[in-house]
Amino acid sequence: HAADAHRTDLMTITRFVLNEQSKYPESKGDFTILLNNIVLGCKFVCSAVNKAGLAKLIGLAGETNVQGEEQKKLDVLSNEVFVKALISSGRTCILVSEEDEEATFVSPPMRGKYCVVFDPLDGSSNIDCGVSIGTIFGIYTMKGSDPTIEDVLQPGKDMLAAGYCMYGSSCMLVLSTGNGVNGFTLDPSLGEFILTHSDIKIPKKGKIYSVNEGNAKNWDVSTAKYVDNCKYPKDGSLPKSLRYVGSMVADVHRTLLYGGVFLYPADKKSPNGKLRVLYEVFPMSFLMEQAGGQAFTGKQRALELVPKKIHERSPIFLGSYDDIEEIKEIYAAEGNNA
Ligand code: P6P
């Protein structure tokens, strides 16, 4: 039976990536090895997050990260786990983490050709109240023969792959290697991520908008106008619902599956918005486009941004194709006049 086949023909993330990579005869399995180490990191963090309340991991580590935010112990732990897993893969040459001010250059003999940019535990301010949090990552290939910082300042459209792992009611890894988006759910009894959401496509138009309304006072005219249209539609359609978790992985995952838009706009306080280009905006924009959606900065296609600094920020509007078109039309008409 089909159901049985599904149960017995377990498509693990490793098998899935191997199948994908077999389309590239020249690939030597390096990407699969890299991905396996990312998956290992996600499994470890999933376990640590689920036990956080019990293992007294909660609470401030007393240190502050480069963003000037109090670091919680799980941040520190997650970052260390991913850095060690990525270096030990022997397939990376540069690592950029939200938790580390400087990029990490991997020395031979552990050096490989991939550059990984990641936020090991995004949304960590939500750890103590049990709200879903996640790991976000993007993968570039080194351009030359020796790694330079330019290799991690490439536009998001040149990423080889991107994904996130959400630690919520279940642990789910959502990945794209440039051929669509697939979702894998961790089966804790097997310790394997199993394909559960094949070829995810975001609905063309959604009924949900996701933004921190608390920043409304500081929005520019175009954002204010778009959000107003969501609440008081001019075309007689129903108002959109507001859903905002305050954890990017949770808000983007819901947007990807249900449709609608997620916005973290610029405002008078933060002219470049809050979210980081390399390891929040680019990976989520890459996934959205691969799922048939769009990602816009208020000025341009998000994936065409060329970052100058590894912790640079950008405003971001991402989600359903038609909803983002509406935002682009408003910005085209009104501009960014804050
Ligand atoms: P605000 C979490 O701190 C985070 O980096 C993202 O995960 C989330 O989308 C955003 O900040 C929430 O920011 O200002 O609405 O609390």
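The values are calculated or read from the model by the stated rules, or taken from the named source; none is laboratory data. In this text, all values refer to a predicted model and were calculated from it rather than measured experimentally. Quick reminder, even Gly has a Cβ in these numbers, built from the backbone with ideal geometry, and neighbours come from all protein chains shown. Areas reflect the complete protein model, heavy atoms only, side chains present, ligands, DNA and RNA absent. Shrake-Rupley method; radii C 1.70, N 1.55, O 1.52, S 1.80 Å.
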Quiz item: Limited to the range 222-273, what total is found for residues that are more than 16 Å from the ligand (Cβ to nearest atom), open to solvent by less than 70 Å² (accessible area, probe 1.4 Å) and modelled with pLDDT of 95 or more?
Solution: 11
Self-check item: Single residue of the range 133-168 satisfying the filter (within 18 Å of the chain's Cα centre (by Cα) and assigned to a loop (DSSP other than H, G, I, E, B)) that is nearest to the ligand (Cβ to nearest atom)
Solution: Gly168
Quiz item: Does the range 192-206 contain at least one residue that is within 16 Å of the ligand (Cβ to nearest atom), of a type in the set (D, E, K, R), part of a strand (DSSP E or B) and open to solvent by less than 70 Å² (accessible area, probe 1.4 Å)?
Solution: no
Practice problem: Find all pairs meeting these conditions: Cβ atoms under 7 angstrom apart; at least six residues apart or on different chains; first residue within the range 87-109 and assigned to a loop (DSSP other than H, G, I, E, B); second residue at pLDDT below 95 and of a type in the set (Gly, Ala, Ser). | Solution: none
Exercise. State the number of residues belonging to the range 110-132 that are part of a loop (DSSP other than H, G, I, E, B) and open to solvent by 20 Å² or more (accessible area, probe 1.4 Å).
Key: 4
Quiz item: Between a first residue in the range 210-230 that is closer than 23 Å to Val249 by Cβ and a second residue that is part of a strand (DSSP E or B), which pairs have beta carbons less than 6 Å apart while being 6 or more apart in sequence or on different chains?
Solution: Ser210/Phe262; Val211/Leu263; Asn215/Asp267; Cys230/Tyr209
Exercise. Pairs only if they're at least six apart or on different chains, beta carbon under 6 angstrom, first in the range 262-282 and under 17 Å from Tyr331 (Cα atoms), second within 10 Å of the ligand (Cβ to nearest atom) and hydrophobic (A, V, I, L, M, F, W, C); list them, first residue then second.
Key: Phe262/Val252; Leu263/Val211; Tyr264/Leu275; Tyr264/Ile316
